[in-house]
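The structure under discussion appears below in the form of structure tokens.
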Amino acid sequence: MTDTLLSKSTEEEILLSKSNWWKTACLNAVLRGGTNFTAPQTVYIALYTSNPTDVDTGQEVSGGGYERRVVTFGAPVIADRRATTSSTTDVYFPIATADWGLVTHIGIRTAATGGNLLYHGAVTNPRTVQTNDSLRFMAGRINIDEG
């Protein structure tokens, strides 16, 4: 078994961008009286073999024991007119029971299956996940910057 790190050092932080769904939900919630928005109680990391893009069109990993994992973020910090937050704990994916392919991107989603894409971004060092590999994201390496 190989424990694969997709974010193993300070040089390998993953910066995420907002999806179109999330941009629209924010504006509707703040400027239009909360239209069509309920905050998720839990958010999940999804793995992708292609860019999910702002419109949520990427290819998410499937099969081989893959499942999205819960991720938690710290309280936002405001500095230089920017609000930022980072993941607070290591996130481990289950051991792959089949090849998952080359993981190039991640997304933060509102549900364990289905749901909406909130944020997405490219991993700094894409990795091929093969049978019996284990994938981990270290705490503090998944970052959201609302600048």
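Results, tabulated for the structure shown:
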item	result
Failed item, numbered, when Leu6 is tested on (1) more than 19 Å from the chain's Cα centre (by Cα); (2) at pLDDT below 85; (3) farther than 21 Å from Glu146 by Cβ; (4) surrounded by 13 or more Cβ atoms within 10 Å (Cβ to Cβ)	(1)
Answer residue from region 25-35, given it is loosely packed, with under 15 Cβ neighbours inside 10 Å and out of contact with any helix residue (DSSP H, G or I) (no Cβ under 6 Å at 6 or more places or on another chain) and is modelled with the lowest pLDDT among those	Gly34
Tally of residues being closer than 23 Å to Gly147 by Cα, in contact with a strand residue (DSSP E or B) (Cβ under 8 Å, 6 or more places away or on another chain) and open to solvent by 40 Å² or more (accessible area, probe 1.4 Å) across region 54-77	7
Count - residues of region 113-147 that are open to solvent by 20 Å² or more (accessible area, probe 1.4 Å) and under 12 Å from the mean Cα position of the chain (by Cα)	4
Checking Gly101 against (1) at pLDDT 95 or above; (2) more than 13 Å from the chain's Cα centre (by Cα); (3) open to solvent by 40 Å² or more (accessible area, probe 1.4 Å), the condition it does not meet	(3)
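The values are calculated or read from the model by the stated rules, or taken from the named source; none is laboratory data. What you see is a predicted model; the values in this text were computed from it and never measured. Positions of Cβ are backbone-derived with ideal geometry, glycine not excepted, and every protein chain shown enters the neighbour counts. SASA here: full protein model, heavy atoms, side chains in, ligands and nucleic acids out. Shrake-Rupley method; radii C 1.70, N 1.55, O 1.52, S 1.80 Å.
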